[in-house]
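Quick notes on the structure that follows.
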Amino acid sequence: MSVSIAMVRAARHNERMGGTSLLCRVCAWPSNKVFRRTIQGKTALTVFAHQERTSFNYAMKEAAQAALQKKGWTVLVSDLYEMNFNAILSRDDIRGEPKHPNNFKYSSETLLAWKEGRLARDIEEEQKKLEKADLVIFQFPLYWCGPPAIMKGWMERVFSKGFAYSREFRYSEGPFKNKKALLSFTTGGCESTTTPKGMAGDMNVILWPLQSGILNFCGFQVLPPQIAYYVAHETQEVRVGMLKSWEKRLETIWDEKPIRFLPNQDFEGESGGYLLKKEVEEVKSADKYGPTVGQNLGKPLPPDSQLKSEGTGL
């Protein structure tokens with residue numbers, strides 16, 4: 001049986017991510033073995049987006065690096081502004097000629113380019129960092145209820161089809177299911193502004209597109225966010241306390257439990273429109289709150305479900 005270069009590349013990528021060999025799945029070779037990376041210590045990647053080194057975001061990035069290194073972590077950093085990272089998706093994201101130049105479809109073309117090792121060099125370099133990372137920290141100021149454009153562009157280009165997701169492998173079965181990730185960010189408003197009664201609206205709703213639609217979609221175990229509220233208006237003493245709290249949390253970050261999302265098996269497949277299974281809905285019908293922010297079944301949202309791990313005080 002012949003195995004294509006693209007198939008071997010996909011299989012090796014999946015093994016580096018800690019999953020079962022794709023060669024066994026695709027070629028139907030018998031295998032009960034689960035391939036996992038053997039590592040000496042852990043590796044963290046911080047994806048950082050702020051223009052100024054005098055910013056509190058920079059201080060949080062530096063504090064995280066020092067705290068993790070003190071505990072024996074290897075820390076990689078992608079400083080997006082320093083790198084002048086290109087945040088714009090285009091045909092230039094592949095090397096060589098596209099397969100369908102007259103009907104260019106970004107996800108299809110980048111999938112093929114990833115399989116054949118033809119993605120743009122900057123994308124490949126960031127994907128290599130991700131493959132090494134056990135923990136990914138996104139450090140940024142919250143702009144317009146989301147990350148800065150340069151970070152969103154990083155996600156759109158680096159989390160390419162095949163590498164970060166596919167129809168078969170997404171959400172709880174995504175390629176990054178053995179990795180953890182969290183958002184660490186600052187806000188311009190005070191904490192009460194982003195409560196269910198606050199003017200800006202519920203922070204749990206604000207975070208759902210990022211934490212579920214991107215991180216959970218790619219399979220990450222999503223840890224509760226680290227939020228530094230109102231930093232520009234706080235005293236120096238309060239800001240120092242925020243940094244110390246962040247450093248303290250990072251000492252045991254790997255032991256934290258992730259935020260709960262519904263697993264793939266709770267949903268019907270394509271023929272069922274990917275809807276929540278009837279039996280799952282029936283089990284949850286007596287609950288006061290909906291299961292998640294997104295799958296709320298028309299009920300009140302579960303309190304702080306995007307801010308805390310289930311069953312913990314985080």
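Of the conditions (1) in contact with a Gly (Cβ under 9 Å, 6 or more places away or on another chain); (2) open to solvent by less than 40 Å² (accessible area, probe 1.4 Å); (3) not acidic (Asp, Glu), ASN204 fails just one. Which one is it?
Single failed check for ASN204: (1).
Of all residues in the range 203-232, which are of a type in the set (Ser, Thr, Tyr) and either in contact with a His (Cβ under 7 Å, 6 or more places away or on another chain) or under 21 Å from LEU250 (Cα atoms) (or both)?
Across the range 203-232, the qualifying residue is only TYR229.
Residues checked against (1) more than 22 Å from ILE94 (Cβ to Cβ); (2) open to solvent by 30 Å² or more (accessible area, probe 1.4 Å); (3) assigned to a helix (DSSP H, G or I); (4) of a type outside the set (Asp, Glu):
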site: LYS115; (1), (2), (3), (4): no, yes, yes, yes
site: LYS128; (1), (2), (3), (4): no, yes, yes, yes
site: PHE138; (1), (2), (3), (4): yes, no, no, yes
site: PHE163; (1), (2), (3), (4): no, no, no, yes
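Residue by residue through the range 258-276, note down the ones that are surrounded by 15 or more Cβ atoms within 10 Å (Cβ to Cβ) and among the charged types (D, E, K, R).
Residues satisfying the conditions are ARG260, ASP266.
Are any residues in the range 197-233 assigned to a loop (DSSP other than H, G, I, E, B) and either under 21 Å from the mean Cα position of the chain (by Cα) or in contact (Cβ under 8 Å) with a residue 60 or more places away in the chain (or both), and if so, which ones?
ASP202, PHE217, CYS218, GLY219, PHE220, LEU223, PRO224, PRO225
Taking THR252 as the residue in question, decide whether it is of a type in the set (Val, Ile, Thr) and touching a Leu at 6+ places or on another chain (Cβ under 7 Å).
No: the conditions fail for THR252.
Residue by residue through the range 165-194, note down the ones that are under 20 Å from ILE123 (Cα atoms), open to solvent by 10 Å² or more (accessible area, probe 1.4 Å) and not in a loop (DSSP other than H, G, I, E, B).
TYR165
How about the range 277-302: which of its residues are of a type outside the set (A, V, I, L, M, F, W, C) and surrounded by 13 or more Cβ atoms within 10 Å (Cβ to Cβ)?
Once the filter is applied, which keeps residues that are of a type outside the set (A, V, I, L, M, F, W, C) and surrounded by 13 or more Cβ atoms within 10 Å (Cβ to Cβ), the range 277-302 yields LYS277, GLU281, LYS284, TYR289, GLY290, PRO291, THR292, GLY294, GLN295, ASN296, LYS299, PRO302.
Quick one: which helices (runs of 4 or more DSSP H) sit completely within the range 1-92 and have at least 1 residues that are over 21 Å from ARG121 (Cα atoms), open to solvent by 60 Å² or more (accessible area, probe 1.4 Å) and modelled with pLDDT under 50?
Answer list for the range 1-92: 22-27.
Which of the residues spanning the range 140-161 are open to solvent by less than 10 Å² (accessible area, probe 1.4 Å), assigned to a loop (DSSP other than H, G, I, E, B) and closer than 18 Å to ALA228 by Cβ?
PRO148
Within the range 270-288, which residues are part of a loop (DSSP other than H, G, I, E, B) and at pLDDT 95 or above?
Hits for the range 270-288 are GLY273, TYR274, LEU275, LYS277, ASP287, LYS288.
Across the range 234-257, what is the total count of residues that are assigned to a loop (DSSP other than H, G, I, E, B), over 15 Å from ALA181 (Cα atoms) and either open to solvent by less than 20 Å² (accessible area, probe 1.4 Å) or of a type outside the set (Asp, Glu) (or both)?
1
The values are calculated or read from the model by the stated rules, or taken from the named source; none is laboratory data. As the structure is a computational prediction, the values presented were derived from the model and not from experiment. Counting neighbours? That spans all protein chains shown, and the Cβs are built from the backbone with ideal geometry, glycine included. With ligands, DNA and RNA removed, areas are computed over all heavy atoms of the protein, side chains included. Shrake-Rupley method; radii C 1.70, N 1.55, O 1.52, S 1.80 Å.
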